[in-house]
Amino acid sequence: MKRIDWHKAVTFCLSLFFAAALAAQGGSGGTKIPTPGGAPPGAASPPAAPGSGLTDRSGGSLSGAGAGAGADTSAGAGADTRTGPGSAAIESFGRWLETSREVSSFFPVRYRLLAAAAPAIEAGAPAEAFHIRLREAAAKSASPETAAEALEADAERWTALARSLGPDWPPAAKSAGFYVSAALAMRNGIGLDAVEAVASWTRSAKASPERAAAALTAAATLRASIAFSPAEAGRAALAVAASRLKVGDFDELALLAERAARSGVTPFLFLAALESTLGSGGKLKDLERRLFP
Amino acid sequence: MKQSEREQLFEREPERAARSAEAVMARLRVLGAPDRAPAVLAFPAFVRSRLVRYVAAAALVAVLSSLATLAVIGDRASTQVRFVLEAPEANEVRLAADFNDWTGEGYALERDASGTWSITVPLRKGASYAYIFLIDGERWMPDPEAGQALDDGLGGGVSTISL
């Protein structure tokens, strides 16, 4: 039987340990936080970053809340060197903006995107939600300006939402999906208070965040279908979320709303029927019978 | 068999043969060979007991039924969704959606003779999904058959489907 050379084995293990430690310290497999000098001609220089904790290798800041593309670097703002989970997520998002081929078309506005995202991520919004939105923008060949404007608007919504929901809900694995759906709903006329109400119900009922997200999307579609006011759409969102309808029924509900609108049913009457029927455990057929006796 | 024949078959004397066997067994013990029967054979009553056999059968049934239940649940948790677009003039149509990171890669629709493009995608139930069609890699559009498209904040619309 071959004997183990313990000296060699221990040396090998120690080498592995130090190699792993060095790799972890070096960070992200060789991706770099770029210096302003590395930016292409015409690219925006990094603006100030109060609160982000991100610094580049020249000591300047990589992001700045509220600073737009082309804003000058403020040396004084780089003094904040907080290092929390949010800062790590912001840094990771910044690296992704710099290095990802998926969103390379947004390179010229990367600092503006980072500046928009930083406060939201600091507030607790998932960085993955920003990734999803930018991938969507890239798929649609949106211009850098359009993508930046869209992301800034979403970032404002997500900041407010994150401050309202707190860090415990939705669970991390489903957080990005919920935030993206909430932003879609809010962009289409659902108020923050309605999103909060649906989230609150979902938490207390221990329902899935995906159902909450689907209910918000359904309410936004209902609003487009039957011209709900934002307040009515918010009430509809809660009624749909708390109903016994399956998520798969939500699209049928929107079609029913369209049909009702074509038949002259007012938003007020539709909402009354919706709340009354679904609130008492009714199904779509019950609502249909009530609207079209 | 006669006595003389028997003696021919067993030429060795019984005493000598016994000594030889003792020597062989002693050598085997030195080499570490087991001088006992294996443990399984040492507990034949345990192995053969009805209780053990019943427990083993029950465990097997439980495992099989759990696997079957999981398969049924998994099947019910997802569904096949067919996305269809009428675009006879298109050369390529892809489905970009939140469930594929909006890339459309691996989600090319197939064209039939009439110019109808389609793809069937397995999706998990209990959630809503947003999607668009990418046409020829340069244009995109929400699903014209999916009812109201929602404002995507990027200057266009996005279709949604709830499952």
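The numbers here are math on the coordinates, done by the rules we state, and not lab data. Here the structure is a predicted model, which is why all the values come from computation and not from measurement. In this analysis, Cβ positions are derived from the backbone assuming ideal geometry, glycine residues included, and neighbour counts consider all displayed protein chains.
A few remarks follow.
- Distance in nm between pseudo-label sites at A:Trp169 and A:Asp193 (7 Å out along the Cβ direction from Cα): 1.9
- Rounded FRET efficiency, nearest 0.05, which uses the C-beta distance separating B:Arg53 from A:Phe268 and R0 of 60 Å: 0.25
- For B:Val121, the residues 5 or more places off, or on other chains, whose built amide H falls under 5 Å of its own are B:Val81, B:Arg82, B:Phe83.
- Theoretical FRET efficiency, 1/(1+(r/R0)^6), r = Cβ-Cβ of A:Ser105 and B:Glu92, R0 25 Å, to 0.05: 0.80
- Among the trypsin sites (Lys or Arg not before Pro) found in segment A:215-272, those both in a DSSP coil and sparsely packed, with 11 or fewer other Cβ atoms within 10 Å of their Cβ, are A:Arg244.
- Simple spin-label estimate for B:Ser66 and A:Phe292 in nanometres, 7 Å along Cα-Cβ: 4.9
- Calculated FRET value between A:Ser276 and B:Thr120, using beta carbons and R₀ = 35 Å, to 0.05: 0.35
- Legend: mean number of C-beta atoms from other chains within 10 angstrom of residue C-beta atoms, peptide A:253-262, equals 1.
- Inter-chain neighbour count for B:154-161: the average number of beta-carbon atoms from partner chains within 10 Å of each residue's beta-carbon is 6.
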